[in-house]
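Report on the structure given below.
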Amino acid sequence: MNDRSRSIPPHALNPLRTACNAVFVSLQKSEQASVELPEIELADWTSDLEDFAETAALISHLDLIITVDTAVAHLAGALGKPVWMLLAWRSDWRWLHNRNDTPWYPTMRLFRQSAPDQWDQVVTQMSEILEHFCVS
C-alpha cells in the first residue's frame, strides 16, 4: 500500500489538540512531523531513537498511541499498549473489513475512513472518544 493513501496530513490532527490537555509525543522519525503541527505542542525525542528497542522504550511510557498504519503501530500493538490506528478507505488486508478491532493486537482500535481521502470524520470521532479516554 502506498504511503500517500495511508498517511494523514499533519494539520488534519489539529482537532485532537483540545482533547483533555493531552501531551503529544512524536514517534515519527521525520523533520516534517514537528514542523507541520503548529497547533499541537509536540514533544519530539525521535532524533535520539536509534532502533526499535529504543522506540519501544519510549512507547512503554505513553498512555495511548495514535498512528496510521506504520511499523510503530505494530510495535505498540505487540507491546500491548493501547493503540488507535487511523485507516485509509482501502486499507491493507490484515485489518480485515467492517471491524474496529483486530485479532492481531487486542489493545488496538481501528478508526476507518468512510470515503477516500476523508480524514475529518475519523479525527472528529477520535477526538470525542479521547475526551472519555482521558477521564478514565
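Do you know the relative contact order of segment 3-135, to the nearest whole percent, from alpha carbon pairs under 8 angstrom that are 6+ apart?
Relative CO of segment 3-135 lands at 24 percent.
Compute the length gained on full extension between Asn14 and Glu54: take 0.36 nm times their separation in residues and subtract their Cα-Cα distance, giving the result in nm to one decimal. Please list the in-between numbers first.
Numbers: separation 40, 0.36 × 40 = 14.40 nm, distance 2.72 nm.
Working it through step by step, the gained length comes to 11.7 nm.
Can you give the translational diffusion coefficient of segment 3-135 in µm²/s, computed by Stokes-Einstein from the Kirkwood radius over Cα pairs at 37 °C and 0.692 mPa s? Mind dumping the intermediate values first?
Values: Rh = 15.2 Å.
Translational D for this selection: 216 µm²/s.
Grab the Cα-Cα distance for Ala78 and Gln121, subtract it from 0.36 nm times how many residues apart they are, and report the gain in nm with one decimal.
On the way: separation 43, 0.36 × 43 = 15.48 nm, distance 2.73 nm.
Value of the extension gain: 12.8 nm.
So how strong a dipole does segment 3-135 carry about its Cα centre when Lys and Arg Cβ are +1 and Asp and Glu Cβ are -1, to the nearest 20 debye?
600 debye
Starting from 0.36 nm per residue, how many nanometres of slack lie between His61 and Phe133 once their C-alpha separation is accounted for?
Between His61 and Phe133, full extension yields 24.3 nm more.
None of the figures in this text is laboratory data; all of them are computed from the coordinates on show. The structure displayed is predicted, hence computed values, not measured ones. Note that we place each Cβ from the backbone using ideal geometry, even for glycine, and neighbour counts take in every protein chain shown.
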